[in-house]
Amino acid sequence: MIRKVFAAILFLLVSTVASAQNFSTDAKVVAQDGNTVTVRASGTAEKKKDAQQQAIKSAFHTLFHVGVDGVKDGTPMMAVERKDYDYRFYSESRFVNFITTEVKNVEDHKVGKNVRVTVQFTIDLKSLIADIQLNKIPVSPSWGVADRQTASTTALKPTIVIVPFVKSSQGTDFEAYRKVVENTPALKYALDKVTQEFSKHGYKTRNFISQLRNAANNEMMRTDSQTDVRTMLTQQLPGDIIITVGADIRTDASNQQECNLSIEAVEAQTNGNLAVATFPSGKYYKGKVSDTELVEYAVKNIKDDFFAQMTSAFERMVAEGREVYMDITLATSVTDWDFDEDSPATGDNFKDALDEWLREHAHNSVYDMNNNTDKYIHVTLNVPLWNQERGRSYTLSNFSSDVKKFFKAQFDDAYKATVTAQGQKLEIIIK
């Protein structure tokens, strides 16, 4: 039976791609059962057979790049578009491998000289995702799979915080951010539109504008607050990637206006650059279009390559981890114990226990503690940026907490370790 279904589908669908595809995006869910989904979609062409084929391709196209309501909150399956994969998928009729039922012709009717056909069939989602990942295409976070070891944004699910670009002359505090957004409608609109673009590509986003409104009466807005912008962002909008958006609208000598939409992405913990690009709106005579329309045109020019570059850079940064230094010393008050001895609480040699702990906690077991004496230990290690088990970022604060737990287990109440974080360095004093 399966062989007959496959043969029938293949006979119906196999054809060469002679022109650009005009996909519909009206795919709807009929039923969903575990790893399969039954969809209904339409296609239009001169011949009924071609319209059926176009309808099937449109269903896959919508699932890949637009999203189908009712399936993973309407999020597209692919985080980025890969034209080479799409070309092979359709031109070689590879999609037949992921159809598990007969393709039913639900409805057809004439539209001018063409015929519009609506079809219904079932797609194997599990196999489809596996094929996408096999081709090294990032899957949208909402479509994340259970395999924690997959070094992809699917497993990472980073949270995006989108903030406005503010010149130093406009201020450096949280209040300056709020005023710039409120007084610049084009920038406010740009923040909304860019946030929507990231959501379309499957990222979790935090609404900076709403948070600014909520912060108007917050204690943080007091003039005597000494909290810097980055600390406030961390407290109010914790995220893994910070996106800074600028909307620069200028008029030239010919009275033509253009908006240059700038977007910069940095990793929140290390401030490491992930991607930066500027997208122009094109020039229009002043008065013919509004500032928000210029922003709209610029947003439409955002390329998928930007999201692919950001994703790739973030994954590479997560894969490498970040280097951290630890200086462990004994306080002058500790005269009855040193690092060459056994741990008071466990009876194990302290340096051996530390070595084993570092091997387990260092990212990819990359660490060095060769520089040590009985009263001083210098450690260099790579710390992960992501906690795979919990599916969230692993901060230096999280690492410091784990360090404290290690020393508590070694000393119990005999001694106490004070841990002070200074940038990418931990100062640890045993008292």
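Structure data summary
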{"quantity": "Members of Lys375/Lys404; Lys104/Lys303; Lys179/Lys300 lying beyond 30 Å, as alpha-carbon distances in this model show", "calculated": "Lys104/Lys303"}
{"quantity": "Accessible surface ranking that places the most exposed of Glu92, Glu341, Glu315 first, with a 1.4 angstrom probe", "calculated": "Glu92, Glu341, Glu315"}
{"quantity": "Loop sites in the range 35-67: trypsin sites (Lys or Arg not before Pro), DSSP, at most 15 other Cβ within 10 Å", "calculated": "Lys47"}
{"quantity": "By accessible area with a 1.4 Å probe, ligands and nucleic acids excluded, highest first: order of Tyr87, Tyr367, Tyr394", "calculated": "Tyr87, Tyr367, Tyr394"}
{"quantity": "Top positive-direction residue, dipole computed over the range 287-431 with Cβ charges, set Leu381, His361, Gln422", "calculated": "Gln422"}
{"quantity": "Integer Hz, Karplus 6.51/-1.76/1.60 couplings in order for the range 53-66, x for Gly and Pro", "calculated": "4, 5, 5, 5, 4, 5, 4, 5, 4, 5, 4, 5, 10, 10"}
{"quantity": "Cα shape, the range 365-425, gyration tensor, a/c 1.5 rule", "calculated": "oblate"}
{"quantity": "Entries of Lys110/Lys204; Lys113/Lys288; Lys57/Lys113; Lys28/Lys83 with Cα pairs more than 32 Å apart", "calculated": "Lys110/Lys204; Lys113/Lys288"}
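The values are calculated or read from the model by the stated rules, or taken from the named source; none is laboratory data. Keep in mind it's a predicted model, so treat the numbers as computed, not measured. Quick reminder, even Gly has a Cβ in these numbers, built from the backbone with ideal geometry, and neighbours come from all protein chains shown. When the accessible area is computed, the model is the full protein with side chains, heavy atoms only, and any ligands, DNA or RNA have been set aside. Shrake-Rupley method; radii C 1.70, N 1.55, O 1.52, S 1.80 Å.
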